[in-house]
Amino acid sequence: MERVKTGIPGLDEIMNGGVPKGQLVLLSGTCGTGKTTICGQYVYQGLTKFGENGIFLSFEDMPDNVKKNLKRFGWDFEPFEKQNRFDFVRYDPYHIEEVFDILESNVREIKARRIVIDSVSALGLHVRDKAELRRMIFNLSNLLRKLDCTVIMVSEIVPGSAGISRYGVEEFVTDSVVVLYYERNEFTFTRAMQVWKMSGSDHSKKLHPYKITNKGIVVQPGEEAFMRRK
């Protein structure tokens, strides 16, 4: 099985060598877990280490704000934008159907191999009907599969929720699921992640601690985190 290495220290180890090529990965977590950081690191590593062009699609934050925050880790995307190897765009979730055509065009134009979607949770702010929301997420996932890219799709979990996604549908339309936790243990807060599923591939079943350093996310594959699970 051909795999795409994320380039994130420790993450590929718990994924048994990386993400199976062409898969759609759901990245879920509450606020403060570093979801956007992981997305930026995944795309940047693709550009700098693996020669894979990428697209960062945002339904929420403006590109300049996200790029400014990611630059704190030393990730400067502007040179790659000028080389037409990277595209950072914000799409209006009000017009999701138009997004499909625009995204497909952008992928083909820059020959993107990596895509991140941050985040599908924003769609629910504009679509109140749950059936319609599920249809939109399903259609988006189908489009992403057709583009022959390896994709990370973010879902924001409500604090205190027992679910692993915002709307309870995202995990069923994706191939792999990685859940991020940020919980208080005694006097400190601990971050940990777990690969819930990875279609067609073995992976670590443990809960692994990780840190957000000045160079990005670092996962500790040889360690196991223990948290109070709700």
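Within the chain, the longest run free of exposed loop sites, counting GluC sites (Glu not before Pro) that sit outside DSSP helix and strand states (H, G, I, E, B) and have at most 14 other Cβ atoms within 10 Å, spans 3-185. Between V218, V154, V195, the residue with the greatest mean-square fluctuation in the GNM of the chain (Cα pairs under 10 Å linked by springs) is V218.
Using a Gaussian network model of the chain in which every pair of alpha carbons under 10 angstrom is joined by a spring, one finds that among R135, R145, R191 the greatest mean-square fluctuation is at R135.
For the chain, what class follows from the C-alpha gyration tensor (a ≥ b ≥ c being the square roots of its eigenvalues): rounded when a/c is under 1.5, otherwise prolate if a/b is larger than b/c, else oblate? Taking the square roots of the gyration eigenvalues as a ≥ b ≥ c, the chain is rounded.
For the chain, a Gaussian network of Cα nodes joined below 10 Å ranks V66, V43, V151 by mean-square fluctuation, and the top entry is V66.
Would you mind classifying the stretch 118-188 by shape? Square roots of the alpha carbon gyration tensor eigenvalues, ordered a ≥ b ≥ c; an a/c under 1.5 is rounded, otherwise it is prolate if a/b is larger than b/c and oblate if not. Here the stretch 118-188 falls in the oblate category. Other residues with beta-carbon under 13 Å from the beta-carbon of K205 carry, at +1 per Lys or Arg and -1 per Asp or Glu, a net charge of 0.
Of all beta bridges that DSSP places with both ends in the chain, some 40 percent have antiparallel geometry. For V4, the residues whose modelled amide H falls within less than 5 Å of its own, excluding neighbours fewer than 5 places apart on the same chain, are V19, K21.
Every number in this text was worked out from the coordinates using simple rules, so none of it is lab data. Bear in mind the structure is a predicted one, so any value in this text is a computation, not a measurement. No Cβ is skipped: glycine too gets one built from the backbone with ideal geometry, and neighbour counts run over all protein chains shown.
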